[in-house]
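Please read the structure below before turning to the comments.
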Amino acid sequence: MCRTACEHSRVLVCRVGIAVAAVFTFMLQAQPAGGPLSREDARQRAKALSALGRKLFSDPRLSRSGQVSCSSCHDPAFAYGPPNARPVQPGGPEMQAFGMRAVPSLRYLQAVPHFSEHFFDESGGDDSVDAGPTGGLTWDGRVDRGREQARIPLLSPLEMANAKVADVVASALGSDYALDLKRLAGRRASILRTFDTILDALQAWQEEPDQFYPYSSKYDAWLAGKARLSEQEERGRRLFIDPSKGDCARCHIAERGANGTPPQFTDYGLIALGVPRNPEVPANSNPDWYDLGMCGPQRTDLQKRHEYCGRFRTPSLRNVATRSSFFHNGVFHTLKEVVEFYARRDTHPDKWYPRDRSGTLQKFNDLPDKYNGNIEMGTPFGGEEGSNPSLDDAAIDDVIAFLKTLTDGYRQEP
Ligand code: HEC
Ligand code: HEC
């Protein structure tokens, strides 16, 4: 029925639906030992959880070093992404450890579907097509909900580095918001229940629409007929969606969903792009170590599925211009390099990959050769070596101008 309209909108969840789902989640989270709450009590509890979550989110006392909070890596001033150009951020008990991956933005995660190996889009796209591995949180989709995700940095030896749940709880109970936490966890709550309340609070905060999915970019204003794109931005938009040019919208969906939902600039698919290895990531100093995304080593349930090696979740491009490190290993530091990589990965591989001692080009050097068949070859990739790339320099600048319209906080010119 809606072939063209839906082609690029495989995964969109209605914003109203999200709000309802959020209230529903709160009601579930809100259920104390005594049984269900009234709707009004659930609303009040959700508000209190979110207020507590906001404090927890920026409290460095919750880390063993006393120096990192969620907001050190997910900075509100950078769309809840990293505040600097480091490919990976420091953490650990004494701030001497480093993570293995670039810090993603925490905006627009509200509609990420739970991970599935076979995704059939029922929210506006063509639901008869198996879109393959899709969804889940983190770069490899290994977690489904924000509250499970929060457990990872709190306990990871490379991040907030608490040895055990009880340490997190003790730090929180020693803080100025301890009373709020106790009230929400319930009288005489166990350590586990108190920890669960901390996770619920962090999730509740990350579901605040104004903070985490404001849809306030110039592009949103344009979609609503309240702003005009400049000529360059408009050229960039066309290149972005043109299947013979950028073809970016194939994965970074740019149109509203069939039910009018705003585009998220991702279809949440897990895809291997073959990005170059980043020698600045400390873990990469071991030449035998590879971050294979979906097939491990951080994700452990699909390690035998070799067809998944090298795949990472397509990120939203909303607010991408506020970042200074791109791709899962933070290998690039400017949008120019990123868009050029798409256009010239195959036409000019020399620009991206090193040669070994014998002079052989090590194309796709961040993936063992046996997995090279997993790498995406469709437009904008492909093209004979030395041939003209799908986007020239001017076109690359146009696409970047368009990407900059995706930054939240656009103020209309009077
Ligand atoms: C030391 C830096 C650091 C700290 C501190 C940190 N994170 Fe993260 N966060 C990351 C990295 C790196 C990833 C990507 C992890 C991966 O792909 O394995 C991530 C991923 C996430 C994701 C999934 C994002 C996505 O796109 O799927 C969420 C949600 C999240 N973090 C929430 C939090 C919360 C809540 C806290 C505080 C309790 C926190 N983070 C603390 C670095 C950090
Ligand atoms: C086949 C699907 C696909 C297509 C087509 C595609 N992308 Fe991507 N994009 C991805 C995936 C997957 C990643 C993450 C890859 C990784 O980190 O290994 C990504 C990452 C990015 C990033 C980095 C975002 C960040 O937070 O680090 C930018 C910028 C980007 N894409 C822009 C574009 C542009 C511009 C185009 C068109 C020229 C495009 N993409 C086409 C799938 C795609």
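The values are calculated or read from the model by the stated rules, or taken from the named source; none is laboratory data. All of these numbers come straight from a predicted model, not from anything done at the bench. In this analysis, Cβ positions are derived from the backbone assuming ideal geometry, glycine residues included, and neighbour counts consider all displayed protein chains.
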Exercise. Would you mention how many residues in region 178-196 are surrounded by fewer than 18 Cβ atoms within 10 Å (Cβ to Cβ) and in a loop (DSSP other than H, G, I, E, B)?
Key: 4
Exercise. Among residues belonging to region 286-324 that are of a type in the set (Val, Ile, Thr) and within 14 Å of ligand 1 (Cβ to nearest atom), point out the one that is farthest from Ala102 (Cα to Cα).
Key: Thr300
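Rundown of residues vs (1) within 30 Å of His74 (Cβ to Cβ); (2) of a type in the set (S, T, N, Q), yes/no style:
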{"residue": "Thr322", "(1), (2)": "yes, yes"}
{"residue": "His333", "(1), (2)": "yes, no"}
{"residue": "Gly359", "(1), (2)": "no, no"}
{"residue": "Lys363", "(1), (2)": "no, no"}
{"residue": "Asp369", "(1), (2)": "no, no"}
{"residue": "Glu384", "(1), (2)": "no, no"}
Quiz item: Does Asp288 satisfy being of a type in the set (Asp, Glu), part of a loop (DSSP other than H, G, I, E, B), out of contact with any Phe, Trp or Tyr (no Cβ under 6 Å at 6 or more places or on another chain) and surrounded by 20 or more Cβ atoms within 10 Å (Cβ to Cβ)?
Solution: no
Quiz prompt | Filter result (surrounded by fewer than 23 Cβ atoms within 10 Å (Cβ to Cβ), within 15 Å of ligand 1 (Cβ to nearest atom), part of a loop (DSSP other than H, G, I, E, B) and within 20 Å of the chain's Cα centre (by Cα)) within region 123-163 | solution = Gly135, Thr138, Arg142, Asp144, Arg145, Ser156, Leu158
Quiz prompt | Every residue from region 210-242 that is closer than 30 Å to Pro133 by Cβ, more than 16 Å from ligand 1 (Cβ to nearest atom) and under 24 Å from the mean Cα position of the chain (by Cα) | solution = Pro214, Tyr215, Ser217, Tyr219, Asp220, Leu223, Gly236, Arg237, Leu239, Phe240, Ile241
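Restricting the search to region 228-237, which residues are closer than 19 Å to Gln264 by Cα and either hydrophobic (A, V, I, L, M, F, W, C) or assigned to a loop (DSSP other than H, G, I, E, B) (or both)? First the steps, then the outcome.
Filtering region 228-237 down to residues closer than 19 Å to Gln264 by Cα leaves 229, 233-234, 236-237.
Leu229 - this is the single residue of region 228-237 that is closer than 19 Å to Gln264 by Cα and either hydrophobic (A, V, I, L, M, F, W, C) or assigned to a loop (DSSP other than H, G, I, E, B) (or both).
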Quiz item: Only one of Ala172, Ala185, Ala178, Ala221 is aliphatic (A, V, I, L, M) and under 20 Å from Tyr108 (Cβ atoms); which?
Solution: Ala221
Quiz prompt | Odd one out for Ala166 among (1) at pLDDT 95 or above; (2) surrounded by 16 or more Cβ atoms within 10 Å (Cβ to Cβ) | solution = (2)
Quiz item: What number of residues in region 329-354 are in a loop (DSSP other than H, G, I, E, B) and either in contact (Cβ under 8 Å) with a residue 60 or more places away in the chain or closer than 22 Å to Ala283 by Cβ (or both)?
Solution: 8
Practice problem: Return a yes/no flag: does region 355-363 have any residue that is in contact (Cβ under 8 Å) with a residue 24 or more places away in the chain and assigned to a loop (DSSP other than H, G, I, E, B). | Solution: yes
